[in-house]
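Chemist: Questions regarding the structure given below will be posed in turn.
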Amino acid sequence: MADDYDDHDDHDEPAEGPGIRPDAGSRVGKPSLIVDDVHIHYRTFGGRRLKGQSWNQRLRRHVGAVDVVKAVQGVSFVAHHGESIGIIGHNGSGKSTLLRGIAGALPVTQGAIWADGTASLLGVNAALMRDLSGERNIVLGGLALGLTPAQVRERYDDIVDLAGIGEFIDLPMRAYSSGMGARLRFAISTSSQPDILMIDEALATGDVEFKQRSQDRIDDIVEHAGTMILVSHSMSMVRNMCDRVLWLDRGRLVADGPTADVLDEYSAKTGRPTARPTKRKRVQVDDADEDQPVSRRRQQEQAAREEAAREEAAREEAARAESAKAEQAG
Amino acid sequence: MTDLAALAAEHGLSRVGVRPPLREYLRQTWQRRHFMISLAAARAYARNQSGGYLGQLWAVITPSLWACVYLLVFGVVLKTNRGIDNYTGFLVIGVFLFHFSTASISNGSKAISLNQDLIGSLQFPRAMLPLATVTAELFTLMPALLVLIVVVISSGEPLRPVWLLLPLAVGLQWVFGMGIAMVLARLVSQFRDFGRLVPFVLRALMYTSGVFFSLNHYVKDGAAADILKHQPIAIYLELGRSCLLTEVPVSLSSWLWGIGWAFGLLAVGFVFFWRAEETYARG
């Protein structure tokens, strides 16, 4: 599988451009997802963006502190069966919001989204409970994804195998290491074989062995005429996994095209092909010479992914603390 | 129609994120019932799971302790037992069933606002959330009902066939709770401030539903008495008591009121909730 990615430039695919994986051309078929001039706005409570300093303006900071964020502003694209698409852009550019809109989890303010079959966000996360055992969480998560109880029973062993957490399956998820938790979530999320699989960062979890298995699982989904959409800040991950890249900036689509072209453009515009310039290591990976020994590139990518996984875990921890606080307050 | 809309129509793609018709919504909700029940059971279970060494035993210990506290305060200290023969049974039934409804209402009203992360990442009929929240309260009530039956028997009530109606009475109260939770969940998600009013309404209900005194003894006749005795919570407390206590007669009209409140509110709540289905995310 590793070779799939590294030798794509050797194949001649004039119609699709150089960024397309060699076997992708044959699989890209009819449209699976159509996003038509989509705008997504949402309300936030408890704060406002204010310009002036008049008494009236200052009062509004405390009373009626409701504001509207225009996260996505007029994005259109068409995705096809068998395509893997990466979405890149700075923090706050509307990537995750767009994904949630496609998943049907956020309402579209203007425009429309059509999908062929189910679009599922790799985000069963929210349905799982830390106080319950892995076993109960598999059932709960599977049902949350829309599986029937019979389907959950049928896929239970597969999920446990993929997660590879052994006897920890009987312990509450509270007791899991962040890598174990992430593996279980990944295994549950992908058990439903969605027609359109969407991944928001943090695919990068755990050890090398798990990385391989998760990669296989994703390939499997894309193989079954599915469509994969990946949101990531890791350019190497996007380069490895996607045929096509959408670049979002402040809610607008800046570029849409073959991976190599868009990433080049992105790096030319931003100076470096990374969204977080302080991360030296990742910059190195992204700039890595194509001629480098494959093993070394792999190692660096691995390091970058592990780093992303740690960040994800920290974010989750913060979110959890927040919701616990909210619960106490309520 | 835009070009892309035409393309979608040509390939038979279906629209994402729009509210389905009512019948379809009802069908989807029914289809996902296993998720609703599993979510409710998980929440009721998780509530006691971090309770230390005693774990799930707390499901029984907690209501027992509540029963002791209320009996001590109202039975021994305040003596609000005027006009009631079996005050122990009367009070414990009242407190447990009343708590079931208040927990359903207060947690149900927050079912959307507290589950934003779940709403933001998975697609399912949002009515699942208020329904599951109230069902979790039902699962929490079940061990308490065992405690309740033990208390009532030990207070000297004879076992009668009418006891078999208790699950039906509790079932109606559950249906009523789901209806009201759907109404409140939508209101609170659209006007958060509304959620602040819920505790005051619940407190008012506590003193007007005959939880620890007999409504019959304090309010006699007139419009006020009629309203107090026919408001849903008072009705469900009376139904529960009429099943277990000899001194409270079983009345057909109360049962009809109970059924009316339950299914009336369920229907109204479901339609009212459905009409704002697409707005719940990040409300």
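The values are calculated or read from the model by the stated rules, or taken from the named source; none is laboratory data. What you see is a predicted model, and the numbers here were worked out from it, not measured in a lab. Note that each Cβ is placed from the backbone with ideal geometry, even for glycine, and that neighbours are counted across all protein chains shown. Areas reflect the complete protein model, heavy atoms only, side chains present, ligands, DNA and RNA absent. Shrake-Rupley method; radii C 1.70, N 1.55, O 1.52, S 1.80 Å.
Chemist: How big is the range A:53-149 along each principal axis, measuring the range of its Cα positions in Å and listing the largest first?
Modeler: Projected onto the principal axes, the Cα atoms of the range A:53-149 cover 58, 40, 23 Å.
Chemist: Which value, in debye to the nearest 20, gives the size of the charge dipole of the range B:20-279 about its Cα centre, when Lys and Arg are +1 and Asp and Glu are -1 at the Cβ?
Modeler: 340
Chemist: Once the whole set of protein chains is in place, how much accessible area is left on residue A:208, using a 1.4 Å probe, in Å² to the nearest 10?
Modeler: About 90 Å², ignoring ligands and nucleic acids.
Chemist: If DNA, RNA and ligands are ignored and the probe is 1.4 Å, what is the ranking of B:257, A:114, A:247, B:58 by accessible area, most exposed first?
Modeler: I get B:257, B:58, A:114, A:247, largest accessible area first.
Chemist: To the nearest 10 square angstrom, what accessible area does residue B:220 show with a 1.4 Å probe?
Modeler: Its accessible surface works out to 130 Å², give or take rounding.
Chemist: Something else about it: Can you tell me, using C-alpha contacts under 8 Å and at least 6 residues apart, the relative contact order of chain B as a whole percent?
Modeler: 27
Chemist: How large is ³J(HN,Hα) for each residue in the range B:85-94, as worked out from phi by the Karplus curve 6.51 cos²θ - 1.76 cosθ + 1.60 (θ = phi - 60°), to whole Hz, x for Gly and Pro?
Modeler: So the Karplus estimates, Gly and Pro as x, are 7, 9, 5, 4, x, 4, 5, 5, 4, x Hz.
Chemist: Let me ask something else. Read phi for every residue in the range B:256-273 and hand back ³J(HN,Hα) as whole Hz from Karplus 6.51 cos²θ - 1.76 cosθ + 1.60, θ = phi - 60°, with x for Gly and Pro.
Modeler: Values per residue, Gly and Pro as x: 5, 4, x, 5, x, 4, 4, 7, x, 5, 4, 5, 4, x, 5, 5, 4, 5 Hz.
Chemist: Order A:167, B:137, B:278, most accessible first, counting only protein heavy atoms with a 1.4 angstrom probe.
Modeler: Largest accessible area first, the residues go A:167, B:278, B:137.
Chemist: Of all alpha-carbon pairs in the range A:120-193, indicate the percentage at a distance above 16 angstrom.
Modeler: 37
Chemist: Here's something else I'd like to know. What residue among B:53, B:236, B:218 shows peak mean-square fluctuation when chain B is described by a Gaussian network model with Cα springs under 10 Å?
Modeler: Among B:53, B:236, B:218, the largest mean-square fluctuation in the Gaussian network model of chain B belongs to B:53.
Chemist: Further, regarding this structure: Would you mind checking the pairs A:95/A:211; A:30/A:70; A:95/A:269; A:95/B:110; B:79/B:229 and listing those with alpha carbons more than 26 angstrom apart?
Modeler: A:30/A:70; A:95/B:110
Chemist: Using modelled amide H (1.01 Å from N, peptide plane; none on Pro or chain starts), what sits under 5 Å from the amide H of residue A:30, excluding residues fewer than 5 places away?
Modeler: Answer set, sorted by chain and number: A:81.
Chemist: So, one more: With a 1.4 Å probe and all protein chains in place, put A:62, A:80 in order of accessible area, largest first.
Modeler: Sorted by accessible area, descending: A:62, A:80.
Chemist: List the residues whose amide H sits under 5 Å from the amide H of residue A:257, counting only those 5 or more places along or on another chain, with H placed 1.01 Å from N in the peptide plane.
Modeler: Excluding prolines and chain starts, which carry no amide H, the hits are A:245.
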